[in-house]
1. Could you list, in sequence order, the residues of the range 58-94 that are under 17 Å from I106 (Cα atoms), in a strand (DSSP E or B) and not acidic (D, E)?
2. Can you find a residue that is surrounded by 13 or more Cβ atoms within 10 Å (Cβ to Cβ) and among the basic types (K, R) anywhere in the range 44-51?
3. Can you tell me which residue within the range 58-74, out of those that are surrounded by 15 or more Cβ atoms within 10 Å (Cβ to Cβ) and of a type in the set (A, V, I, L, M), is nearest to the chain's Cα centre (by Cα)?
4. Do you know which residues across the range 102-127 are part of a loop (DSSP other than H, G, I, E, B) and at pLDDT below 70?
5. Could you pull out the residue among L11, L58 that is touching a residue at least 24 places away in the same chain (Cβ under 8 Å) and in contact with a helix residue (DSSP H, G or I) (Cβ under 7 Å, 6 or more places away or on another chain)?
6. Quick one: E95 ticks every box in (1) surrounded by fewer than 16 Cβ atoms within 10 Å (Cβ to Cβ); (2) touching a helix residue (DSSP H, G or I) at 6+ places or on another chain (Cβ under 9 Å); (3) modelled with pLDDT of 95 or more except a single one, so which number is it?
7. Between D90, D70, which is modelled with pLDDT of 85 or more, over 19 Å from R24 (Cα atoms) and out of contact with any Phe, Trp or Tyr (no Cβ under 6 Å at 6 or more places or on another chain)?
8. For the range 13-46, name all the residues that are aliphatic (A, V, I, L, M), under 22 Å from A109 (Cβ atoms) and not in a strand (DSSP E or B).
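The values are calculated or read from the model by the stated rules, or taken from the named source; none is laboratory data. Keep in mind that what you see is a predicted model, and the values were worked out from it rather than measured. All Cβ positions, glycine included, derive from the backbone under ideal geometry; neighbour counts span all protein chains shown.
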Amino acid sequence: MTIQQAILRLLANNEAWAGLIGTRTYPVQAPQGAPRPYATYRQISVEKNHHMGGDSGLDMPGFQLSIVADTYATAQAAARAAETALNDFDSGTVEAGAEALHIQRIHLADESDLPQQPVAAQGLAAYEIEQDYDISYQREG
């Protein structure tokens with residue numbers, strides 16, 4: 001299981017997230033015309049931990065989750081659902097069938113409101129909230 005799959009599993013297991021965003025969580029960018037609200041996720045950094053013997057197998061990536069909605073209230077509700085699902089996840093295993101990944105910690109490091117320009121053809125503004133998470137997990141193999 002990849003860390004991306006684990007993050008998606010944790011989000012999907014949150015009832016509020018599932019009700020607001022459902023399956024509209026996309027890697028890097030949403031498809032053109034994706035219905036809102038939706039979210040995108042991307043890895044924004046990674047630190048590979050080493051010890052005197054070399055690579056320890058501990059990865060510490062930074063991930064960014066961007067939530068886009070038609071109203072600020074919906075964006076805020078989805079952001080709170082993501083925070084509940086991910087922030088302070090501490091020393092647990094995320095499982096999906098036969099696959100599993102041990103996560104040492106997920107921490108919400110930053111959150112920002114971002115302006116969105118109205119879509120010219122639709123005239124609809126959007127509201128975006130970005131969350132940056134710091135993660136520590138034990139890489140497989």
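1. Step one: of the range 58-94, the residues under 17 Å from I106 (Cα atoms) are 58-66, 79-94.
Okay, now just the ones that are also in a strand (DSSP E or B), so 58-66, 90-94.
Of everything in the range 58-94, those that are under 17 Å from I106 (Cα atoms), in a strand (DSSP E or B) and not acidic (D, E) turn out to be L58, M60, P61, G62, F63, Q64, L65, S66, S91, G92, T93, V94.
2. Within the range 44-51, the first condition is being surrounded by 13 or more Cβ atoms within 10 Å (Cβ to Cβ), and the residues that meet it are 49.
When the remaining residues are screened for being among the basic types (K, R), the result is none.
Scanning the range 44-51, I find no residue that is surrounded by 13 or more Cβ atoms within 10 Å (Cβ to Cβ) and among the basic types (K, R), so the answer is no.
3. Going through the range 58-74, the residues surrounded by 15 or more Cβ atoms within 10 Å (Cβ to Cβ) turn out to be 58-69, 74.
Narrowing the set further to residues that are of a type in the set (A, V, I, L, M) leaves 58, 60, 65, 67-69.
Numbers: L58: 19, M60: 15, L65: 4, I67: 9, V68: 13, A69: 16 Å.
By that ranking, first place goes to L65.
4. From the range 102-127, those part of a loop (DSSP other than H, G, I, E, B) are 116-118, 120-123, 125-126; that's our starting set.
Matches in the range 102-127: Q117, P118, A120, A121, Q122, G123.
5. Values: L58 fails: in contact with a helix residue (DSSP H, G or I) (Cβ under 7 Å, 6 or more places away or on another chain).
It is L11.
6. (3)
7. Working: D70 fails: over 19 Å from R24 (Cα atoms).
So the residue among D90, D70 that is modelled with pLDDT of 85 or more, over 19 Å from R24 (Cα atoms) and out of contact with any Phe, Trp or Tyr (no Cβ under 6 Å at 6 or more places or on another chain) is D90.
8. Initially, the range 13-46 is screened for residues aliphatic (A, V, I, L, M), giving 16, 18, 20-21, 28, 30, 34, 39, 44, 46.
Then drop every residue that is not under 22 Å from A109 (Cβ atoms), which leaves 16, 21, 28, 39, 44, 46.
The answer is A16, I21, V28.
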